Each structure stands twice: as structure tokens, then as C-alpha cells.
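The values are calculated or read from the model by the stated rules, or taken from the named source; none is laboratory data. Note that this is a predicted model, so its numbers are computed, not measured. Cβ sites come from the backbone with ideal geometry, for glycine too, and all protein chains shown count toward neighbours. For accessibility, only protein heavy atoms count, side chains too; no ligands or nucleic acids. Shrake-Rupley method; radii C 1.70, N 1.55, O 1.52, S 1.80 Å.
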Amino acid sequence: MSTSIQTTDDRRQTTALRSWSVFRLPSSVRETPGLVLVSPTMLWLVVFLVIPLALIVVISFAARGQYGDVVYTFSLDKYRALLDQQYLQILLDSLWIAFLTTVLTLLLGYPLAYFIARSGTRWKSLFLFLVLVPFWTNFLIRIYAWMILLRSEGVIAGVMKALGLMQGVGAQLFGLIQLYTPGAVLIGMVYEFLPFMVLPLYTSLEKLDVSLLEAAADLGARPWRAFLRVTLPLSLPGIVAGSILVFVPAMGMFVVPDLMGGAKTVLVGNLVRNQFLVARDWPLGSAASMVLMVLTLLVTLLYTRRFGFGEELRV
Amino acid sequence: MADVAVEVRDLVKQFPNPGGGVVNAVDHVTLQIEDGEFFSLLGPSGCGKTTTLRILAGFERPTSGEVRIKGRLVNSVPPYARPVNMVFQNYALFPHMTVFQNVAFGLEMERVPKAEIERRVEAALALVRMAGMGARRPAQLSGGQQQRIALARALVKRPSVLLLDEPLGALDLKLRQEMQLELKALQQQVGITFVYVTHDQEEALTMSDRIAVMNQGKVLQIGPPAEIYERPNCRFVADFIGETNFLEGTLARMEDGRASVEVTGERMQVVGLAQGALHLGQRVTVSVRPEKIRLHTTPPQVTTNCFAGQVQDIAYIGSDTRVVVRLSPSLVLSIWEQNRISTLDLEATFTRGQAVWVTWLPENALVLGE
């Protein structure tokens, strides 16, 4: 039955093609139909990826004019400038914060994704919806909300004070997450990127066949060992995909460190932004963003070499 | 007396009903499975056979009742601590492990020394005729091969009881029939108790030492295959196992186990073996298997269970010819005649509309109470 439908469809398609061939394309194009078919994609890539990237590459080798304009020469000065101790520290800090953000979102996101994947069908969609709800509010407003919570005279501090917890260890703990500390930046980053970790993890955990866990239990594996030997390895594609989705944007993030880190925390993202908008040194900003890109690419490559490419990222 | 491998007493498993209330998926089931026995739970889908098996494995907790394995009460023992292993319907092989790692998994959990694991895994693979396949991934194997690996993975643990949940369901007919005989031979070779869940009556009859027929959570009859087929104790079992003709009526007379039944709406009296306790005047069903009825083209010289009719339909199916005979406007019987003589002239035996006589011996008809 289905075959007969298909043949009719095919026939219709062939007829359509034949009638179209009235408008003949030049023979050179006809001989490379593949290129023609992907040309919209190519165009898209050229306009949105190749040209902007080429611009940055070119500018990164240029020099800054007296009034902040770009003087097109070829010099490695800006790259050399980035070898400065101060900039290297910024790069290292960025790597470290992005790494911590990835690890923390993984540790927080895994149980959440696991819980959602194991919930009943009706609850699943509600929980997934709740994970996505924050996206409906402007990112800046959500960050301001966190600032209100974490300020030294903010909501959390107020509650702790009222409960008499604002002394000794309590005060020290609050000091770790207080606004304008690296801890606050980390909280903001983890908060912002958590959904990017949860969704791919959920996808891979949801696919996990429950009977595999039953089989593991049946063969003598206690729940924790069954998790380590079956669930964890089978959710590895989700872990890889989530980690890439969090790590890559976290490396370039500048809004959160700007607002929640104050002047104390400067990451590569802030550096790039400041060079473009404040110092008006576009070449240095471009060079910094090139370094950021290469660094991110390198880390991602090493990571995927080790753990394989996250299947969840493959379409 | 042989040792009891599995003892199930008054087992009940309730599930919440989506429409409110509860359903008894398993309804007061009592079973005793002997050591080394090939025991089948047979019934239509939803009859509670798989739930019963899952309770034996420890995946479901009974609502009430007792489950003992090798004499030990296991009601609250988790699956990983039970001396049973299961072959899953979809095999449930670990896709990220090789065949060897799959089979070795259970032994690693027991912390068996490495050298012994290797030896036992190789032996288990050889047992299911999959030696040398250890390096493959499950995805590289055919359905039949995956089935063997699932079997090896369970057997390598040397369980007291092996639980099998329709393990042949996904295989095609030829392979299934082959595996049936192989499984039976394997079971006799290793001497492990098999508890086998299936909805395929032929499969159950072929392999089992004993069968429990289940319907709607209840065990209706337990017995060896021949007993289940030849002496079903109720209408459901007679209907579910093989094919049969049913005649409904009232019990008119009883004489040393032989029951005479007045067929409702017909002027017919049928004589058969009384099954279970029956009383006169009771509504009963007579079951006569189609291969046990004889067809005659001339009036036979018998008076009991002899009725005249007309051939309504003939179906040639190779080994048999299936003949439908109409005895009255409201009564037809299905009769299987074995094709003992090779001929192409089917019309030589029976033709549509032909007048025929049917007979059967009283011991070939069973009188069942409802």
C-alpha cells in the first residue's frame, strides 16, 4: 500500500521536473547541481560567518589610529601586547570561570535532568517548560534580580541577619557569594547557562531504556553501580553536548562579570567589549577575540577528541 | 519429593486503575515450581503472566502474598540480591559494551576474579554457540544472536531460577521453532529451573514440563502440556489452547463420569467426559476438538454422538483438510481430516453441500461447567 503511494509520488515528481526543464539553466551550472542546491547555505555562511570573521582577522593585524580609528597595516603588535602578564591572567581567569561554570552546571543539571526524564509523561512537559520559563524574561532583568538578592544589604543578607546567621561562618559564606565577588559571577553564570546543560542531558537520559537498568539490577548491580556502569556512559553524549553548549558561550560572556563582578572581575569577554566600546582600540579587541576563539576551539577539540562528539549536537 | 525452586502463595499485585480504583494484575496466584522444571506461564496479553515474572525477579513488589525462592522468603529482597536472572523480551543488552563485557557484567558485580570471569564467559558463549563473538557490539548482531547473548549473560551467573519473558517473541517463525527446541535442550543440559512467559500456546506445549494457564490475573489450570490440551478444566483453557468446537446445553444425565447433555435449541443429545464437579440440570459447555471428530459419507452404525449434516465449507491447508459441517441452521462444527493419502483430486473426498455424518467417541468430548 505504502509502496504504491510512493510510486505515484515519484511519478508526480518526475513530471514536475520534466516541465521545469523548459527553463534550462546554463550547462556549466547544470553540471554542478550540488553547488547550486547548497548555494543558499553557502550564501548564509559567507554573509554571517566568513565576512565578519575575515573582518576581525584583518583588523586584529591593524593598528589603532590617534583618534581610535583603524589604520590598516600588517603588524603583530596587538598579539604581542596580549602576551602581557595582565592579559594572560585574564585569559586564565576566563578559562577557569568557564570551566567551573561547566562543572557546576553539570553537577546541578544532571540530577535535575535525570529527575525530569524519569517523571511521568504529564509532568515531564511541565518541568521542561519550567526550565525554559526564565528565557521569557529579559536576561538583564534576571541578572538585576540576582544583584538585589546578593547585595551586601540585599535580600539574602537581610534574611540571614534577621535569623542571626550573619556572624562567624555564616558571614564568611555570604562573603563568598556576595555581589562583586568571583563567587557572585559564578552564580550568575551557572544560573544563565543551566538550561543549556539540562536540555541535552534530558534528551540523552530520556532515551535511556529502563529495561537496561533492570537488567543491570538483575545481574547484581546495586543502584549506584548501575548508574556508574550503565546510565552514566549512555548519557555521555548529553554530557559532551551540554558541556560544549555551556563552555563556549561562558568563555565569551561579559554581561554577568560586568554587572555582578564589578571592577574586580575582568574576563576576556569584558576585555574585548572594553577595547571596542571604551578604549576604542579595535585592533586589540579583535586580537583578543581571535585568541578567545582559538582557545575555545582548542579546548573544545581536545574535549571532543577525548569523549567523542556529543550525539545530541548532531542534527 | 523434588525440591521446590519457586513457591508463590496467594500472590496479589494491584495497580491503580487510570479510571480510579485498583485492578488486580495478579489475583491470588499460588504456584509451586520444582527444581529443574521447565515451567511456562501462558495466557493472553494482560493476563498477569509478565507481572508475576517481574515479581519473581524483584522488579515489582507484591501487594500481598509470599514469594519464596529455594525456600527463602524474598518479598523484600531487591533484584540485585536474588538468585534469579532474567532474559528480557527486548534482550536489554548494554549497547555501549561488547558481547564479552555484556556477559561478564554480572560476574564483575559478584567480584569474581578476572581469570575466572574470562573462563566462564567463554564457556557461556560456547554454550549458546556464540564462541568467538566476544568482541562484537550488540548492534552488530542479528536478533537471534542477540537473544543468545541475553541467554548467556543470564546463564553465566548460574542462577537458581532463570526467568524468560517471551524471549522468542521478536524472532521470525522458522528461527523461533529452532530456538524452542534449542532452549529446551539447553535447559536439560544445564538443569536450571526455567520460568517461561509466553502467549504462544504452541511454544508452551513444545517446551514445558508444566504449564500454568492464566487469564485476568488468575491461574486457571496447572498441568503438563498433554493434560492442558486434552483435559482443560474450563471453557477458557479449552478455547485458548488449540482449537475446539463448543456446544452449549444442560446436563441431563450422569453415569460413571459420562455426562449426557441436551444441546440448547437442538434436538441433540451429546455424551462426553464430565470435568470437575457437575450437577444435573446445570448449564454446561461441551468441547470437542476438530481433529477428534470423524466424518462419514455413509450412515455409521453407532447411536451415541452421531449426527447428520451437510458440508458447508472445505479448506485445504496441506497437512489437513478443514471441513465445516452444518448440523442445523444454528449449529456448525469444524472438523480436521488428516490428509493421509496424497491426491490432487480434493473433490474425491468431500464436496460442498454433500450429506455427511459426524461421530466422536464420548472420551473425546469434555463436558465443562461454567
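Could you grab me the full set of residues in region B:30-50 that are over 20 Å from B:D200 (Cα atoms) and either touching a Lys or Arg at 6+ places or on another chain (Cβ under 7 Å) or surrounded by fewer than 15 Cβ atoms within 10 Å (Cβ to Cβ) (or both)? The one that is over 20 Å from B:D200 (Cα atoms) and either touching a Lys or Arg at 6+ places or on another chain (Cβ under 7 Å) or surrounded by fewer than 15 Cβ atoms within 10 Å (Cβ to Cβ) (or both): B:T30. Is it the case, given these coordinates, that B:Q301 is assigned to a strand (DSSP E or B) and open to solvent by 80 Å² or more (accessible area, probe 1.4 Å)? So B:Q301 does not fit the description; no. Scanning region B:56-114 for residues that are more than 14 Å from chain A (Cβ to nearest Cβ), open to solvent by less than 30 Å² (accessible area, probe 1.4 Å) and small (G, A, S) turns up just one, B:G65.
In this structure, A:V131 does not qualify as within 20 Å of the chain's Cα centre (by Cα), open to solvent by less than 40 Å² (accessible area, probe 1.4 Å) and at pLDDT 95 or above. Restricting region B:333-361 to residues that are surrounded by fewer than 16 Cβ atoms within 10 Å (Cβ to Cβ) and among the β-branched types (V, I, T), the residue that is farthest from B:E243 (Cα to Cα) is B:T343.
This table checks each residue for (1) touching an Asp or Glu at 6+ places or on another chain (Cβ under 9 Å); (2) within 14 Å of chain B (Cβ to nearest Cβ); (3) without any contact (Cβ under 8 Å) to a residue 60 or more places away in the chain.
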site	(1), (2), (3)
A:R122	no, yes, yes
A:I143	yes, no, no
A:V155	no, no, yes
A:F174	no, no, yes
A:T181	no, no, no
A:A184	no, no, no
A:T203	yes, no, no
A:E206	no, no, no
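Of all the criteria given as (1) exposed (fewer than 15 other Cβ atoms within 10 Å of the Cβ); (2) modelled with pLDDT of 90 or more, the one not satisfied by A:A263 is (2). Count of region B:151-189 residues, restricted to those that are modelled with pLDDT of 90 or more, aliphatic (A, V, I, L, M) and surrounded by fewer than 17 Cβ atoms within 10 Å (Cβ to Cβ), is 2. Scanning region B:256-275 for residues that are in contact with a strand residue (DSSP E or B) (Cβ under 9 Å, 6 or more places away or on another chain) and open to solvent by 60 Å² or more (accessible area, probe 1.4 Å) gives B:R258, B:E262, B:T264, B:G265, B:R267, B:Q269.
For the condition in contact with a helix residue (DSSP H, G or I) (Cβ under 9 Å, 6 or more places away or on another chain), among the β-branched types (V, I, T) and within 30 Å of B:L155 (Cβ to Cβ), A:T231 qualifies.
If you check A:L108 against the conditions, is it within 22 Å of A:I244 (Cα to Cα) and assigned by TED's automatic domain parsing to the domain that holds A:M197? Answer is yes for this residue. A residue that is crowded, with 22+ Cβ neighbours inside 10 Å, more than 14 Å from chain B (Cβ to nearest Cβ) and closer than 26 Å to B:Q101 by Cβ occurs somewhere in region A:243-257. If we scan region B:221-230, do we find a residue that is polar (S, T, N, Q) and either open to solvent by 40 Å² or more (accessible area, probe 1.4 Å) or out of contact with any strand residue (DSSP E or B) (no Cβ under 7 Å at 6 or more places or on another chain) (or both)? No: region B:221-230 contains no residue that is polar (S, T, N, Q) and either open to solvent by 40 Å² or more (accessible area, probe 1.4 Å) or out of contact with any strand residue (DSSP E or B) (no Cβ under 7 Å at 6 or more places or on another chain) (or both). Do the conditions hold for B:E243, that is, is it open to solvent by 20 Å² or more (accessible area, probe 1.4 Å), out of contact with any Gly (no Cβ under 8 Å at 6 or more places or on another chain) and part of a loop (DSSP other than H, G, I, E, B)? Yes: the conditions hold for B:E243.
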